[in-house]
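The values are calculated or read from the model by the stated rules, or taken from the named source; none is laboratory data. This is a predicted model, so every value here is computed, not measured. Because the Cβ atoms are built from the backbone with ideal geometry, glycine has one as well, and the counts that use them run over all protein chains shown. All accessible areas refer to the heavy atoms of the entire protein, side chains included, with ligands and DNA or RNA removed. Shrake-Rupley method; radii C 1.70, N 1.55, O 1.52, S 1.80 Å.
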Amino acid sequence: MIIGLFDSGIGGITVLHDALKIVKNADFLYYADTENVPYGTKTKPEVRGYVLNAADFLISHGADILVVACNTATSVAIEDLRQKYTIPIIGMEPAVKPAVENHKDKRILVTATELALKEEKLKKLITRLDAEDIVDLLPLPGLVRFAENLMFDEQSVLPYLKDALSPFSMRNYKTVVLGCTHFIYFKPVFEALLGPDIDIIDGNRGTVNKLLATITDLSIPLEGTNQITYYQSGSQVTDENILLNFSSLMTKLNDMDK
Ligand code: DGL
């Protein structure tokens with residue numbers, strides 16, 4: 001079985017990393033749309049076009065299941081993808097539901113890209129959970145830039161994050177939702193800044209559980225070897241330095257699990 005994942009850039013590697021922990025004997029195609037990153041500051045029709053291109057590419061390269069490892073792409077195009085293709089398509093959702101279950105009379109801060117925060121999909125989710133009065137929204141486009149430039153060090157990121165969070169009285173919050181896959185690399189910086197009383201959560205686990213359940217329901221044999229082929233906007237990555245960057249991101253995520 002071949003699982004195709006895509007994101008605007010390196011954010012979806014965090015989903016690939018989690019998928020590799022629980023899906024054995026599949027092969028993976030990872031598509032980073034580096035020509036068009038960031039998605040979060042673009043228009044909905046633009047991003048929808050990029051997502052359909054990436055999906056076409058992955059499906060024509062043999063993907064049996066598609067994982068939209070990007071909250072922004074999911075929020076603008078998941079319905080179009082499901083209408084267009086017959087293979088299973090798994091999307092991402094900011095982890096607002098677990099945040100509401102965990103809120104303990106405190107507020108929830110949902111961070112994501114500008115586009116994902118503007119979208120109807122998130123508004124509907126918050127309304128469905130009856131959480132309009134306890135949720136605040138914060139776009140963090142700088143974190144996508146830091147991640148794409150592989151700048152993960154606290155010295156660079158902490159001042160940006162401090163400034164972005166300064167309008168909020170964080171003692172009133174129980175949970176910060178990381179609603180963009182790029183933000184997951186900065187979980188340690190959020191933790192350092194916010195301390196142990198605030199929970200930092202993301203939607204990766206939910207997506208990967210859905211992937212596993214979908215695989216179990218399908219009758220396609222699991223006979224891969226967990227081989228990963230990387231693509232950047234339609235070209236296979238063969239450059240040793242870029243491949244090394246991808247593998248060092250995996251190492252970073254493994255270290256964050258410890
Ligand atoms: N990683 C993406 C997400 O989960 C979007 C980042 C971007 O391209 O703006 O929303």
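Side notes on the structure shown:
- Solvent-accessible surface (1.4 angstrom probe) belonging to residue 223, in square angstrom, nearest 10: 140 Å²
- Between residue 169 and residue 155, the contour length at 0.36 nm per residue exceeds the Cα-Cα span by 2.8 nm.
- Dipole magnitude (debye, nearest 20) for segment 142-234, charges at Cβ of Lys, Arg, Asp, Glu: 220 debye
- Pair-distance profile P(r), taking every C-alpha pair of segment 8-68, with 5 angstrom steps and integer %: 4, 16, 26, 24, 17, 8, 3, 1
- Dipole of the chain [Lys/Arg +1, Asp/Glu -1 at C-beta], most positive-end residue of 155, 122, 139: 122
- Relative compactness, segment 118-258, computed as alpha-carbon Rg over 2.2 N^0.38 Å: 1.26
- Heavy-atom accessible area order for 229, 86, 41, largest first, 1.4 Å probe: 86, 41, 229
- Counting only protein heavy atoms and using a 1.4 Å probe, the accessible area of residue 78 comes to about 10 Å².
- Placing +1 on the Cβ of every Lys and Arg and -1 on the Cβ of every Asp and Glu, with nothing else charged, gives the chain a dipole about its Cα centre of roughly 540 debye.
- Taken about its Cα centre, segment 1-149 carries a charge dipole of roughly 200 debye when the Cβ of each Lys and Arg holds +1 and the Cβ of each Asp and Glu holds -1.
- Measure of compaction for segment 16-104 (Cα Rg per 2.2 N^0.38 Å): 1.19
- Surface exposure of the chain, expressed per residue as accessible area with a 1.4 Å probe, stands at 45 Å².
- For 103, 17, the ranking by accessible surface with the largest value first comes to 103, 17, using a 1.4 Å probe.
- Cβ crowding within 10 Å averaged over residues, with 127-139, 28-40, 104-116, 210-222 ranked highest first: 28-40, 104-116, 127-139, 210-222
- Geometric extent, Cα atoms of the chain - Rg, Dmax (angstrom): 17.6, 52
- Percent antiparallel among DSSP beta bridges (both partners in the chain, rounded to 5): 5 percent
- Taking all Cα-Cα distances within segment 80-182, those exceeding 20 Å account for 47%.
- Ranked by the mean number of other Cβ atoms within 10 Å of their residues, highest first, the peptides 170-179, 64-73 fall in the order 64-73, 170-179.
- Charge sum, other residues only, whose C-beta stays under 9 Å from residue 174's C-beta, Lys/Arg counted +1 and Asp/Glu -1: 0
- Mean Cβ neighbour count within 10 Å, used as a protection proxy, ranking 201-209, 88-96 highest first: 88-96, 201-209
- Per residue, the chain reaches -14000 deg cm²/dmol at 222 nm when only DSSP H runs of four or more residues are counted, each adding -39500 (n - 2.57).
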